[in-house]
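The values are calculated or read from the model by the stated rules, or taken from the named source; none is laboratory data. Predicted, not measured: the structure shown is a model, and the values here were computed from it. No Cβ is skipped: glycine too gets one built from the backbone with ideal geometry, and neighbour counts run over all protein chains shown.
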Amino acid sequence: MEISNDFINAIENRNILRVKLILKNSFVIDPTGETFNKLLEFTLNKIPDLFDNHNGELFKDESYWTEEYFNEQTVKIVDNFSEERIKLLKAMADKLFNKKVILPSSINYTNKGQQSYCKFITTRNIVGTSLAVVGTVWLGYIVIMNQVSIMTALTSVAITGFGWALLFHNK
């Protein structure tokens, strides 16, 4: 993971509020907590006194953890950056989001190859969806208008099939 210049500058200038906001946002972008852990480790090497004393808030029991409660706690961490709250967020993230896929738009790419591949997949999905919809609409139109011929039906099915193939192709 590449650390942004903005984050490095905030640390070097001891802009604690900015550092806390960036750390909090890393939890929002990557709720698995992996990005947060890496950024926190980097930060603590430079600002070892980053943590606040816990404000005494009693946290909800695990059976009441929801995405909404997680979001509330990510907001509160800016004003009370305590080790207790961080442990809570990490545990909640593990329970609520550990199996979730991160959207390609939120990934900080380390090389252009990864970025190009994700853009290719996204473009392929858009084209595939468009072709599947166009083929299906066209097939519906020719059936409704009684313009069905072998050629028009085969063309429509081919366009639809090609669209679905693009959508579900694994590589």
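Some values worked out for this structure:
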item: Of the criteria (1) in contact (Cβ under 8 Å) with a residue 40 or more places away in the chain; (2) under 21 Å from Lys95 (Cβ atoms), which one Leu17 fails; result: (2)
item: Filter result for Leu39 (under 25 Å from the mean Cα position of the chain (by Cα), at pLDDT 90 or above and hydrophobic (A, V, I, L, M, F, W, C)); result: yes
item: Yes/no for Phe36 being outside any loop (DSSP other than H, G, I, E, B), surrounded by 15 or more Cβ atoms within 10 Å (Cβ to Cβ) and in contact with a Ser or Thr (Cβ under 9 Å, 6 or more places away or on another chain); result: yes
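For every residue, the table says whether it meets (1) part of a loop (DSSP other than H, G, I, E, B); (2) modelled with pLDDT of 95 or more; (3) buried (at least 18 other Cβ atoms within 10 Å of the Cβ); (4) among the basic types (Lys, Arg).
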{"residue": "Phe70", "(1), (2), (3), (4)": "no, no, yes, no"}
{"residue": "Gln73", "(1), (2), (3), (4)": "no, no, yes, no"}
{"residue": "Ala91", "(1), (2), (3), (4)": "no, no, no, no"}
{"residue": "Asn108", "(1), (2), (3), (4)": "yes, no, no, no"}
